[in-house]
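The values are calculated or read from the model by the stated rules, or taken from the named source; none is laboratory data. Bear in mind that the values here come from a model prediction, so they are computed numbers and not experimental data. Cβ: placed from backbone, ideal geometry, glycine included. Neighbour counts: every protein chain shown. Surface accessibility is based on the protein's heavy atoms, side chains included, excluding ligands, DNA and RNA. Shrake-Rupley method; radii C 1.70, N 1.55, O 1.52, S 1.80 Å.
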Amino acid sequence: MPSISVIVPVYQAEAYVQDCVESVRAQTFADWELLLVDDGSKDASPALCDQLAAADGRIRVFHKPNGGVSSARNLGLREAAGAYAAFLDADDRLEPQALETLWCLRETSGADTAGCAHKNLLPGGGQSTELLLPGGVYGQREIRERIVYPLLGDRLMQPVFNGFIWRYLFSMEIIRGGRIAFEGAYLEDELFLMEYFCRAQRLAVTEQPLYRYLLNPNSATHKYMKDLMAVFDRFMERKEELARRYDLETARPRWRETSNWAGLLIAIGNEYARGNPKSVRQRQRAVEALCARPEMSLAIRTVRPSGLGRNKQLVADLVRGGHFTLLTVMYRLKNRL
């Protein structure tokens, strides 16, 4: 049995998957298996995955009908033989010492989980480092304060705590013991992290950037989503379940309003995305309808966002003032609609 199972969902990734796999094969820590989960790709990715597996017995490939990144990761978790799991996206890479550093950090600290900083790689060639948390070892109470509660209800505070699952080495015992799984095509990682860290006891963190994250303009987060609000509604239902199950509400009593505000800002941006087939007038009406939804209306009335990034703050201020025509003009100029 390998110590670490690295799970990679693969979809239309023929331009990236070989470099991704080579970053795992180049690890200084050799006791791993790599699970490539082909999620119904129509390009050359399936054949590439098979070729890569034929060249290294530590690589296993699973081909499945397209069902989205959550179903691909869940399949990987079901098939994982390792005691610990790491997630890697097909267009990203691990630094050569990533698995060894996380494994040793967890072992020497007595933690059940380890995490790291990462590098953001810009399409033009620039890069920046983003910390997970300051380096150190965090107990259960600190984990809740620094990860769980920010994911639950601090979505309007800067800097936002990002729910990137690929910054961690996870305990499969915790995942299987809690039957923790992914659901949905968007925001699925935040809920996974929330539930996992409600169960984790000890987290060891390094400030070394061990993961190379490509800011890909073609990723799902940059495209118009027709069913975004249905996805968000289900996200809020599951968040409600977690808040109740793990008794989180006392720490963040207004988590619903702040979460709805954050979701509203995403939904407004989605309506004005360039891939939306609606006319400009139809988009404005859709945004007005979004803001009139009872849960969004309550958030708008009771929470005044402040300290957001410049663009999001402007959108929030225009929404609170009911200036939807001006909001539309702003997005028409910004997105060249």
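If I ask for residues that are in contact (Cβ under 8 Å) with a residue 40 or more places away in the chain, open to solvent by 50 Å² or more (accessible area, probe 1.4 Å), on the phi < 0 side of the Ramachandran plot and under 28 Å from the mean Cα position of the chain (by Cα), which ones from region 307-333 would you list?
Answer for region 307-333, where residues must be in contact (Cβ under 8 Å) with a residue 40 or more places away in the chain, open to solvent by 50 Å² or more (accessible area, probe 1.4 Å), on the phi < 0 side of the Ramachandran plot and under 28 Å from the mean Cα position of the chain (by Cα): just LYS312.
Scan region 208-225 and give yes if some residue there is buried (at least 20 other Cβ atoms within 10 Å of the Cβ), farther than 22 Å from LEU94 by Cα, among the hydroxyl-bearing types (Ser, Thr, Tyr) and modelled with pLDDT of 95 or more, otherwise no.
No: region 208-225 contains no residue that is buried (at least 20 other Cβ atoms within 10 Å of the Cβ), farther than 22 Å from LEU94 by Cα, among the hydroxyl-bearing types (Ser, Thr, Tyr) and modelled with pLDDT of 95 or more.
Which of the residues that make up region 272-305 are assigned to a loop (DSSP other than H, G, I, E, B), touching a residue at least 24 places away in the same chain (Cβ under 8 Å) and among the small types (Gly, Ala, Ser)?
Within region 272-305, ALA273, GLY275 meet the criteria.
For the subset of region 52-73 comprising residues that are of a type in the set (A, V, I, L, M) and closer than 24 Å to ASP31 by Cα, which member is surrounded by the most Cβ atoms within 10 Å (Cβ to Cβ)?
Among those residues, the one meeting the criterion is ALA72.
Can TRP166 be described as buried (at least 16 other Cβ atoms within 10 Å of the Cβ), within 22 Å of VAL8 (Cβ to Cβ) and over 21 Å from the mean Cα position of the chain (by Cα)?
Answer is no for this residue.
LEU265: among the aliphatic types (A, V, I, L, M) and either open to solvent by less than 10 Å² (accessible area, probe 1.4 Å) or over 19 Å from the mean Cα position of the chain (by Cα) (or both), yes or no?
Against the criterion (among the aliphatic types (A, V, I, L, M) and either open to solvent by less than 10 Å² (accessible area, probe 1.4 Å) or over 19 Å from the mean Cα position of the chain (by Cα) (or both)), LEU265 does not qualify.
Would you mention how many residues in region 226-262 are open to solvent by 60 Å² or more (accessible area, probe 1.4 Å) and not in a helix (DSSP H, G or I)?
7
So in region 18-34, with the set limited to residues that are over 19 Å from the mean Cα position of the chain (by Cα) and within 20 Å of LEU77 (Cβ to Cβ), which one is most open to solvent (accessible area, probe 1.4 Å)?
It comes out as ASP31.
Please list, ordered by first then second residue, the pairs with beta carbon atoms under 9 Å, 6 or more apart or interchain, first in region 72-91 and over 16 Å from ILE174 (Cα atoms), second open to solvent by 10 Å² or more (accessible area, probe 1.4 Å) and among the β-branched types (Val, Ile, Thr).
Listed by first residue and then by second, the contacts come to ASP89/VAL69.
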